[in-house]
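Pasting a structure below so you can have a look.
Every number here is computed from the coordinates shown, using simple stated rules; none is lab data. Keep in mind that this is a model prediction, so the values were computed, not measured. Ideal geometry is used to build each Cβ from the backbone, glycine not excepted, and the neighbour counts take in all protein chains shown.
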Amino acid sequence: MEPVKKDIRLCGQQIYLRPITAEDTESVVRWRNEKAVVDNFIYRKPISEEEHRDWLRNKVETGLVHQFIVCGNADDMPLGSVYLQNFDEVNRKAEEGIFLGERKLCGRGIGTEAAKLMLSYAFRTLGLHKLMARVLAYNQSSIRMHENAGYTQEACLKEELLLNGKYEDLILFGAINPEK
Ligand SMILES: CC(C)(COP(=O)(O)OP(=O)(O)OC[C@H]1O[C@@H](n2cnc3c(N)ncnc32)[C@H](O)[C@@H]1OP(=O)(O)O)[C@@H](O)C(=O)NCCC(=O)NCCS
């Protein structure tokens, strides 16, 4: 995939998405290392600024990942991030990931709006056929958010991951482009 076009902006009612830049590093690393985010992610090691800069160089700038920052319409405040990764150009699909760092803003529909904007970008701008998302079965807000955004549960992989000494179920969500 080509890298994200630098001037793109995806606009919703209360938020917009803009491409991530190196200036977002401090915020993204802080958000990604918050307990509420780490506990809901499969990859759990703390991320350093250096690792994040490597990610930007090797994944984002090469187009292997299309990553956006979620910003408030009212004040341009950066709130979190949503991205596409694991592009499969043969089958025209990718995987979505999302995290909001500003916890006090969770539960106001921001995640749902960001996930919808990402779906629209994937389907209309990139012309993908399918997005998928992996969600830990205990992550009720992510389950509800993906359902609200238009995903459906396709599978539940039982005791798929050993996290903190406990086997956890993993739900696979899918959203299909009705037009391509
Ligand atoms: C998942 C996340 C992005 C959702 O963002 P958000 O802005 O809070 O999401 P929304 O407000 O759009 O929707 C949350 C939904 O979950 C529901 N919800 C929240 N907590 C819940 C709980 N404990 N049980 C059941 N439903 C819950 C809300 O009621 C809402 O559903 P509704 O609109 O049908 O009522 C955010 O919580 C987050 O960043 N979590 C940590 C990282 C993470 O889990 N990322 C996803 C990994 S797959």
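Hey, among the residues in the range 67-76 that are of a type outside the set (S, T, N, Q) and in a strand (DSSP E or B), which one's nearest to Met1 (Cα to Cα)?
Looking at residues that are of a type outside the set (S, T, N, Q) and in a strand (DSSP E or B), I get Phe68.
Quickly run through the range 20-37 and pick out the residues that are within 13 Å of the ligand (Cβ to nearest atom) and hydrophobic (A, V, I, L, M, F, W, C).
Val28, Trp31, Ala36, Val37
So, in the range 77-105, how many residues would count as being farther than 20 Å from Lys5 by Cα and touching a Ser or Thr at 6+ places or on another chain (Cβ under 7 Å)?
Qualifying residue count, the range 77-105: 2.
Under the condition of being in contact with a strand residue (DSSP E or B) (Cβ under 9 Å, 6 or more places away or on another chain) and free of Cβ contacts under 8 Å to residues at least 40 places away in the same chain, which residue from the range 38-61 is nearest to the ligand (Cβ to nearest atom)?
Asp39
Separate question: Out of Leu64, Leu128, which single residue is away from the ligand (no atom under 13 Å from the Cβ), surrounded by fewer than 18 Cβ atoms within 10 Å (Cβ to Cβ) and part of a loop (DSSP other than H, G, I, E, B)?
Every option except Leu64 fails the conditions.
Let me ask something else. Just give me the residues in the range 86-107 being farther than 18 Å from Glu61 by Cβ, in a strand (DSSP E or B) and either away from the ligand (no atom under 15 Å from the Cβ) or free of Cβ contacts under 8 Å to residues at least 12 places away in the same chain (or both), in sequence order.
Matches in the range 86-107: Asp88, Lys93.
Out of (1) within 13 Å of the ligand (Cβ to nearest atom); (2) buried (at least 17 other Cβ atoms within 10 Å of the Cβ); (3) outside any strand (DSSP E or B), the odd one out for Tyr138 is which?
(2)
Working carefully through the options Val65, Val37, Val4, find the one that is in contact with a helix residue (DSSP H, G or I) (Cβ under 7 Å, 6 or more places away or on another chain), of a type in the set (A, V, I, L, M) and under 22 Å from Ser120 (Cα atoms).
Checking each option against the conditions leaves just Val65.
For Tyr83, indicate whether it is without any contact (Cβ under 8 Å) to a residue 12 or more places away in the chain and within 27 Å of Leu128 (Cβ to Cβ).
no
Right, something else. Please give the number of the condition Arg18 fails out of (1) surrounded by 18 or more Cβ atoms within 10 Å (Cβ to Cβ); (2) assigned to a helix (DSSP H, G or I); (3) out of contact with any helix residue (DSSP H, G or I) (no Cβ under 8 Å at 6 or more places or on another chain).
(2)
Additional query: Restricting attention to the range 141-180, and to residues there that are basic (Lys, Arg) and over 17 Å from the mean Cα position of the chain (by Cα), which single residue is farthest from the ligand (Cβ to nearest atom)?
Per the criteria, the residue is Lys180.
Suppose we filter Trp31, Trp55 for residues that are over 20 Å from Glu113 (Cα atoms) and of a type outside the set (Lys, Arg); which single one remains?
Trp55
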